[in-house]
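Structure first, commentary second.
The values are calculated or read from the model by the stated rules, or taken from the named source; none is laboratory data. Just so it is clear, the structure is predicted and the values come from calculations on it, not from any experiment. With ideal geometry, Cβ positions are generated from the backbone for all residues, glycine too; neighbour counts draw on all protein chains shown.
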Amino acid sequence: MPLMSNITVNDREDTPVAHIFKPHYEDDGVAFFREDAANLVSQNKLTISSRETGSKVKKRLKLEMPITVTETVNGVNYTRVVDREFADLTLTLSGNSEMSSGKNVVGILANLLLAAQTDVDSVLVGTEKFR
């Protein structure tokens with residue numbers, strides 16, 4: 001079992017920005033990470049878990065990114081969440097399978113999410129639909 005440590009991931013901006021998710025806490029096999037921000041409501045949150053469910057192993061990765069605005073009321077600035085972006089990836093793997101099959105599932109998914117997969121990218125990031 002790995003110890004919780006910083007997780008650094010680049011975004012897809014024209015000039016990529018490294019997002020550093022720092023360990024927040026762990027509870028019953030669920031690891032919670034947060035990215036530092038000017039205030040608590042602006043923090044991006046990452047959750048990673050792994051648990052056995054009978055003959056299967058369920059792996060889950062969740063990312064929450066708040067969309068905020070700063071409002072000034074009586075000369076005081078307040079940050080308010082106006083929306084949120086969520087990603088929720090669940091893998092259900094055979095508890096009997098070899099590690100290589102799980103590694104292949106993760107590798108294929110990772111490669112499907114690359115910008116170079118233009119058809120997939122235009123649906124997931126853009127406004128298009130498959131027809």
message: Can you tell me which residue is surrounded by the most Cβ atoms within 10 Å (Cβ to Cβ) among those in segment 86-131 that are part of a loop (DSSP other than H, G, I, E, B) and under 21 Å from the mean Cα position of the chain (by Cα)?
response: Leu113
statement: Subset of segment 76-115, residues in contact with a helix residue (DSSP H, G or I) (Cβ under 6 Å, 6 or more places away or on another chain) and either assigned by TED's automatic domain parsing to the domain that holds Gly126 or touching a residue at least 60 places away in the same chain (Cβ under 8 Å) (or both), comes to Leu112, Ala115
task: Check whether at least one residue in segment 110-128 is in contact with a Leu (Cβ under 7 Å, 6 or more places away or on another chain) and not charged (D, E, K, R), and report yes or no.
output: yes
task: Residues being modelled with pLDDT of 90 or more and on the phi > 0 side of the Ramachandran plot: count how many of those fall in segment 45-73.
output: 0
query: Does any residue of segment 58-76 turn out to be over 26 Å from Tyr25 (Cα atoms) and in contact with an Asp or Glu (Cβ under 7 Å, 6 or more places away or on another chain)?
result: no
query: Looking at Thr47, Thr68, which one is touching a residue at least 12 places away in the same chain (Cβ under 8 Å), under 18 Å from Glu85 (Cβ atoms) and in contact with a Phe, Trp or Tyr (Cβ under 6 Å, 6 or more places away or on another chain)?
result: Thr47
- request: Could you list, in sequence order, all residues of segment 48-76 that are surrounded by fewer than 10 Cβ atoms within 10 Å (Cβ to Cβ) and among the polar types (S, T, N, Q)?
  value: Thr53, Ser55, Thr72, Asn74
